[in-house]
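The structure appears below as structure tokens.
Coordinate-derived values only; no laboratory data. Every value quoted in this text rests on a predicted model; they were computed, and no experiment measured them. Virtual Cβ from ideal backbone geometry, glycine too; neighbours counted across all protein chains shown.
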């Protein structure tokens, strides 16, 4: 991308509008370190305008009270447009955050389309109203839209996380203020175009690029009924604290330190091939990444050799090159964070097997080599703290009980996988791991099921009927006795 992409307005209430302030965001390529885009930086006043527009649209009932079929029709047009523009979105996101474009088509744009699509499927079958017998008579139980939603999304998968929040919120009948990360505001303008062309009514959606101060102002706004946030644990705790002042409902999808457990009977070729892309996915910038690989001591040397070869073979380079498998990190601070953790791991006594520095092949950009540590103890900080970079730990275990103990010995509980020749036994193992999502002999996030975390990995769920229900209130109406 050689031309500077400039936007001078904000999408407030479904219209492009001049910002209230003069602040701007410069979008810098993590590959070239050059400015590739510029947008306004939303202000507190812009938040006030967006929340007011959302409140007016919600209270009017134009969207909230529209037939479900009408809402599905509009959201289907959004889904179709996201699919049609998948290549454009993948390239635009990759230019901003370093995601290799080949993987980005699936991980960034088509995954977003699937999130829209799965929400439509859930909405079609969802029970919004039912009669049931109560202790004192008949009851009418309704699920009604929660109201104005503040959706705050991160920079690593901006369209996917936006879809995870917008799709169920809009289908439920809510109005939404979407706050994008300052690192990745450009693709949100594509989404704004799509929403307008799809016929989303005025006021239902606003999109504001801004930093943390504006995020905090938004989630603490008294006009917001629900906050859905994806980000770090520290930021999630702050969101919860600020939202609690108004007793605003929150859904938090936070960090992870997920364990891929290789049992002694596993097919090692399949395990290594299956784990590798999801260990270093999005250059290690994924909350669900399999960053702890638990290996039986009886097979440790062979497994370490195989993963070292896999990491060495990963192609590092320009995210716009179709051959690239690992691109740059989103910002210099993230590059330095990874390098600091690599130095820490060496001080802690872990064995550096592959990588550990900046790749010599790249003259510019915030790159870190795909890095693999061996002989890692689960007590080390590199095994306990989320690095959010291409740094993976091999953690040996003694027996299956030890593997389960290590997998659960984490403040996180977001994802994970187990690899075994006995899928039924793998399922039993999965039942004992304290995480919100888990896979046996594969890795996936199925968007027709609930996604979220235990412990510090979050509160609430996204996707499936469980995630859809996060955007609804429950109302009980006690019906009069017959006759």
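Using the per-residue mean of other Cβ atoms lying within 10 Å as a proxy for protection, in what order, highest first, do the peptides 254-262, 437-445 fall?
Details: 254-262: 27.6, 437-445: 18.8.
Listed from highest to lowest mean packing, they are 254-262, 437-445.
Just to check, using Stokes-Einstein with a Kirkwood Rh over alpha carbon pairs, what's the diffusion coefficient of the range 342-483 at 10 °C and 1.306 mPa s in µm²/s? The partial results should precede the final answer.
Working: Rh = 18.3 Å.
Value of D from the Cα-based Kirkwood radius: 87 µm²/s.
May I ask for the distance between the Cα centers of the range 434-483 and the range 38-59, given as a whole number of Å?
28 Å
Give, in nm to one decimal, the length gained when the segment between residue 197 and residue 402 is fully stretched (0.36 nm per residue of separation minus the Cα-Cα distance).
Working: separation 205, 0.36 × 205 = 73.80 nm, distance 5.49 nm.
Difference between extended and current length: 68.3 nm.
Considering every pair of different Cα atoms, what Kirkwood radius, in Å, is found for the chain?
Working: mean 1/r = 0.0431 Å⁻¹.
Over the chain, the inverse of the mean reciprocal pair distance is 23.2 Å.
Evaluate Rg over Rh across the range 338-381, taking Cα atoms for both radii and Kirkwood's formula for Rh.
1.02
Count the DSSP beta bridges whose two residues both fall in the chain, then state the antiparallel fraction as a percent rounded to the nearest 5. Walk me through the numbers before you get to the answer.
Numbers: 29 of 68 bridges.
Of all bridge pairs located within the chain, approximately 45 percent are antiparallel.
Between the range 100-177 and the range 205-219, how far is it from one alpha carbon centroid to the other, in angstrom?
Comparing the Cα centres of the range 100-177 and the range 205-219, I get a distance of 20 Å.
Report the extension gain between residue 106 and residue 267 in nm, rounded to one decimal, defined as 0.36 nm multiplied by the number of residues separating them, less their alpha carbon distance.
Numbers: separation 161, 0.36 × 161 = 57.96 nm, distance 2.65 nm.
Going from the current span to full extension adds 55.3 nm.
Expressed in nm², what is the orientationally averaged projection area of the convex hull enclosing the Cα positions of the range 364-443? Please list the in-between numbers first.
On the way: hull surface 25.4 nm².
Approximately 6.4 nm², given one-decimal rounding.
Highest first, please rank the peptides 15-23, 473-481 by the mean number of other Cβ atoms sitting within 10 Å of their residues.
Values: 15-23: 14.2, 473-481: 10.3.
Most protected by this proxy first, the peptides run 15-23, 473-481.
Would you mind calculating the gained length between residue 16 and residue 3 on full extension (0.36 nm times residue separation, minus the Cα-Cα distance), in nm to one decimal?
Working: separation 13, 0.36 × 13 = 4.68 nm, distance 2.19 nm.
Result for the pair: 2.5 nm of gain on full extension.
If you restrict to DSSP beta bridges whose two residues both lie in the range 259-447, what percentage is antiparallel, to the nearest 5? Present the calculation step by step, with values, prior to reporting the outcome.
On the way: 3 of 21 bridges.
Counting only bridges with both partners in the range 259-447, antiparallel ones make up about 15 percent.
Please report, in whole Å³, the volume per residue of the convex hull around the C-alpha atoms of the range 259-447.
On the way: hull volume 21.7 nm³, N = 189.
So the per-residue hull volume is 115 Å³.
Relative contact order for the range 259-447 using alpha-carbon pairs under 8 Å, separation at least 6, rounded to a whole percent? Don't skip to the end; give the middle numbers.
Details: 361 pairs, mean separation 52.2, N = 189.
Value for the range 259-447: 28 percent.
Grab the eigenvalues of the alpha-carbon gyration tensor for the range 1-155, scale each by 5, take roots, and send me the semi-axes largest first in whole angstrom. Don't skip to the answer; put the middle values down first.
Values: eigenvalues 276, 101, 33 Å².
One finds semi-axes of 37, 22, 13 Å for the range 1-155.
Pop a pseudo-label 7 angstrom from the Cα along the beta-carbon direction at both residue 351 and residue 428 and give the gap in nm to one decimal.
Modelled inter-label distance: 3.3 nm.
Which order, highest average first, do 399-408, 142-151 follow once you tally other Cβ atoms within 10 Å for each residue and take the mean per peptide? Display every interim value, and only then the final one.
Details: 399-408: 17.3, 142-151: 22.1.
Per-residue mean Cβ counts within 10 Å order the peptides as 142-151, 399-408.
Can you tell me the FRET efficiency between residue 474 and residue 73 if r is taken as the Cβ-Cβ distance and R0 is 30 Å, rounded to the nearest 0.05?
On the way: r = 26 Å, r/R0 = 0.87.
Rounded to the nearest 0.05, the efficiency is 0.70.
Ignoring everything except DSSP H segments at least 4 long, calculate the 222 nm mean residue ellipticity for the chain; use -39,500 (n - 2.57) per segment, divide by total residues, nearest 500.
On the way: 16 runs with 182 residues, N = 483.
Helices in the chain give a 222 nm mean residue ellipticity of -11500 deg cm²/dmol.
Can you compute the modelled spin-label distance between residue 62 and residue 442, with each label point 7 Å from Cα toward Cβ, in nm?
Roughly 4.3 nm, to one decimal.
Return P(r) of the range 209-356 (all Cα-Cα pairs; 5 Å bins starting at 0; whole %; ordered from short to long distances).
Percent of pairs per bin, in order: 2, 8, 13, 16, 16, 13, 11, 9, 7, 5, 2, 0.
In whole angstrom, how far apart do the alpha carbon centroids of the range 67-94 and the range 269-348 sit?
Cα centroid to Cα centroid, the span is 32 Å.
What list do you get for 298, 32, 206 if you sort them by fewest beta carbons within 10 Å? Show your work: numbers first, answer last.
On the way: 298 13, 32 16, 206 28.
Ordered by Cβ neighbours within 10 Å, fewest first: 298, 32, 206.
Would you mind checking the range 288-323 for residues with the amide N under 15 Å from a putative spin-label position 7 Å along Cα→C-beta of residue 421?
299
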